[in-house]
Amino acid sequence: MSASQETSATSTDTRNTVSGADTVKIKRALVSVYDKTGLEDLVRGLHEAGVAMVSTGKSAALIRGLGLPVTEVAELTGFPECLDGRVKTLHPKVHAGILADRRLPEHVAQLEELGIEPFDLVVSNLYPFQQTVASDATPDECVEQIDIGGPSMVRAAAKNHPSVAIVVNPARYGDVLAALAGPDGGFSLEQRKRLAAEAFAHTAAYDAAVASWFARDYAPADETAFPEFLAMPYRRSSVLRYGENPHQGAALYLAQESAGTLAEAEQLHGKEMSFNNYVDADAALRAAYDFTDPCVAIMKHANPCGIAVSTEDVADAHRKAHACDPVSAFGGVIAVNRPVTVEMARQVAEIFTEVLVAPDYEDGAVEILAARKNIRLLRTPARARRRVEFRQICGGLLVQEGDLYQAPGDDPAAWQLAAGPAASEDVLADLAFAWHAVRAVKSNAILLAHGQASVGVGMGQVNRVDSARLAVARAGDRAAGSVVASDAYFPFADGLQVLIDAGVRAVVQPGGSVRDADSIAAAEAAGVSMYLTGTRHFAH
Ligand SMILES: NC(=O)c1ncn([C@@H]2O[C@H](COP(=O)(O)O)[C@@H](O)[C@H]2O)c1NC=O
């Protein structure tokens, strides 16, 4: 064992035997905050409790302006803040005061020898790097907003939580005042550990933002849209009752920019959202929210069992979507891209529905639906597009650009007529609807539509023939005269033949198979119009 290892082993042994009061009384605080929200009340409370305050430039000015005593860090260190604030608290008189482990007699003795007073509380939050990046700031301005001294103080205090309490969140100032008013005038060890955990999360999220900006914008390694380094801080917002199945634990975490998304949807009524409710509601939003006309999507197991648009209103769209497959719609999750009307609410209230998610609810709609105990009502703005999508695989993460329905082949004007007569305006409108809707269906996906509504959906089959059969079976009599969208090309004419035999009048599909000629010939022979988009919409 080397000498230094010996020393540290001895130190550790000593540390383990040092006992101290669980609560560290707050006598001296270091205050250095960028966000000064709530600071006035906090520093008044600190002063009233007899706590001596040391503080940096503007924080100190605010305290002094309130007529309260405060020592400037520069006075303490005997060194001026310099380099435009790049160096303020980076000094042993500050950091030794934060980092001394006061359970260790040798640390306490060293502080005395050096004439350094310890801190019991550090209150800090960091320069607004993320907000600066989100603004029109220049790269230099962004770099300048990378806080150096702040994270150093925060991490030091969090590491030394056995002796120091660290507060990074203005929402905790009330807790500080409560702790001061408590019998021991400070935080317990358990509380300091929790505060330290919050502090490390604060600096980790901050560093993740800085590192991501460097990797993505400031110093990308190459031209790809995918940075070399990905850091995504998520915060737990709730522990769910269970996961996909009752034996699986689960929780919901929020991304940093989660406002206005499903994860932060306002729940207006009903039981707690389950894991599967979130998965289905997410798929429903993706299906319905980017249609321009009023649209309703009814999902089961993340697939639409009915989707429709209406030029009239959402109640009409709901009737049409429900009619697609009323059996499967039982226990469904519904998304609608317009406020829920009273009429639609009445209709939905008649059907057992797990979740209804909408951008809003007209007066009286919630009351009607709330008569149903089991339905969950969510409100979230009409913003469903995910520009980037992540999929976990064992040991890794797949990242792709979202399928935003903006590919060249998503514009019917760009479609190529490959077989049969040119479709009438109505039929073309149904084809356009079917093409838009089929992208919400798991591959292999076949969607039959008529009158701007799905009438039969074949989803998730391992070959396109079975998807076609399923869609036709679900459509029943409605297959004849309907139009069909296929999310990917027909590898053989057999799947298409199932649809032709059922009487479809027009088909839209990407094309691109080596056997396209077979499918085109089959359509031509049946007098069925076939359009090729050149774009594929797999959803796995
Ligand atoms: N450089 C330093 O030594 C330093 N020490 C503290 N800060 C930051 O300065 C801010 C507070 O400054 P003021 O009290 O002047 O508003 C805090 O966000 C704090 O994290 C520093 N600034 C940046 O690195």
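The values are calculated or read from the model by the stated rules, or taken from the named source; none is laboratory data. The model shown is predicted, which means the values in this text are computed figures rather than measured ones. Cβ atoms come from the backbone with ideal geometry, glycine included; neighbour counts cover every protein chain shown. Just so you know, the surface numbers come from the protein's heavy atoms only, side chains and all, with ligands and any DNA or RNA stripped out. Shrake-Rupley method; radii C 1.70, N 1.55, O 1.52, S 1.80 Å.
May I ask you to list the residues in the range 226-250 that are farther than 26 Å from GLN267 by Cα and surrounded by 12 or more Cβ atoms within 10 Å (Cβ to Cβ)? Passing the criteria: PHE226, PRO227, GLU228, LEU230, ALA231. Cβ-Cβ distances below 7 Å connect the following pairs, each with a first residue in the range 142-167 that is basic (Lys, Arg), a second residue that is assigned to a helix (DSSP H, G or I) and open to solvent by less than 10 Å² (accessible area, probe 1.4 Å), and a separation of six or more residues or different chains: ARG155/THR203.
Across the range 61-71, the number of residues qualifying as within 12 Å of the ligand (Cβ to nearest atom) and open to solvent by less than 70 Å² (accessible area, probe 1.4 Å) comes to 4. Looking at the range 354-454, the strands (runs of 3 or more DSSP E) lying wholly inside it that each contain 1 or more residues that are over 28 Å from the mean Cα position of the chain (by Cα) sit at 416-419, 446-449.
Kindly indicate whether ARG391 is under 21 Å from MET273 (Cα atoms) and either open to solvent by 90 Å² or more (accessible area, probe 1.4 Å) or free of Cβ contacts under 8 Å to residues at least 12 places away in the same chain (or both). No. In this structure, ARG319 does satisfy being open to solvent by 30 Å² or more (accessible area, probe 1.4 Å) and either closer than 27 Å to VAL483 by Cβ or under 28 Å from the mean Cα position of the chain (by Cα) (or both). Being closer than 28 Å to PRO183 by Cα and either out of contact with any Gly (no Cβ under 6 Å at 6 or more places or on another chain) or assigned to a loop (DSSP other than H, G, I, E, B) (or both) is a property that GLU75 lacks.
Determine whether the range 131-151 contains at least one residue that is within 23 Å of HIS47 (Cα to Cα), modelled with pLDDT of 95 or more and either open to solvent by 70 Å² or more (accessible area, probe 1.4 Å) or of a type outside the set (A, V, I, L, M) (or both). Yes, there is a match, as at least one residue in the range 131-151 is within 23 Å of HIS47 (Cα to Cα), modelled with pLDDT of 95 or more and either open to solvent by 70 Å² or more (accessible area, probe 1.4 Å) or of a type outside the set (A, V, I, L, M) (or both). Here MET344 fulfils each of the conditions (1) in a helix (DSSP H, G or I); (2) open to solvent by 50 Å² or more (accessible area, probe 1.4 Å) apart from (2). Looking at the structure I just gave you, is LYS58 closer than 22 Å to ALA171 by Cβ, part of a loop (DSSP other than H, G, I, E, B) and within 11 Å of the ligand (Cβ to nearest atom)? So LYS58 does not fit the description; no. Of all residues in the range 196-224, those being in a loop (DSSP other than H, G, I, E, B) and in contact with a helix residue (DSSP H, G or I) (Cβ under 8 Å, 6 or more places away or on another chain) number 1.
Remark: pairs (first residue in the range 30-56, under 14 Å from GLU72 (Cα atoms); second residue open to solvent by 60 Å² or more (accessible area, probe 1.4 Å) and more than 13 Å from the ligand (Cβ to nearest atom); Cβ separation under 8 Å; 6+ apart in sequence or on different chains) = ALA52/LYS27; ALA52/PRO69; MET53/HIS47; MET53/PRO69. Here is a check on your reading of the model: is ALA74 surrounded by 13 or more Cβ atoms within 10 Å (Cβ to Cβ) and more than 10 Å from the ligand (Cβ to nearest atom)? For ALA74, the condition - surrounded by 13 or more Cβ atoms within 10 Å (Cβ to Cβ) and more than 10 Å from the ligand (Cβ to nearest atom) - is met.
Restricting the range 79-115 to residues that are small (Gly, Ala, Ser) and more than 15 Å from the ligand (Cβ to nearest atom) leaves a set whose member that is surrounded by the fewest Cβ atoms within 10 Å (Cβ to Cβ) is GLY115.
Note on the range 394-412: residues that are hydrophobic (A, V, I, L, M, F, W, C) and either open to solvent by 90 Å² or more (accessible area, probe 1.4 Å) or on the phi > 0 side of the Ramachandran plot (or both) amount to 2. Where helices (runs of 4 or more DSSP H) fall entirely within the range 125-192, those with at least 3 residues that are under 22 Å from VAL73 (Cβ atoms) and either within 13 Å of the ligand (Cβ to nearest atom) or within 29 Å of the chain's Cα centre (by Cα) (or both) are at 149-159.
Among the residues of this structure, THR380 counts as one that is in contact with a Ser or Thr (Cβ under 8 Å, 6 or more places away or on another chain) and surrounded by 19 or more Cβ atoms within 10 Å (Cβ to Cβ).
Here ASN276 clears all of (1) polar (S, T, N, Q); (2) open to solvent by 20 Å² or more (accessible area, probe 1.4 Å); (3) part of a loop (DSSP other than H, G, I, E, B) except the condition numbered (3).
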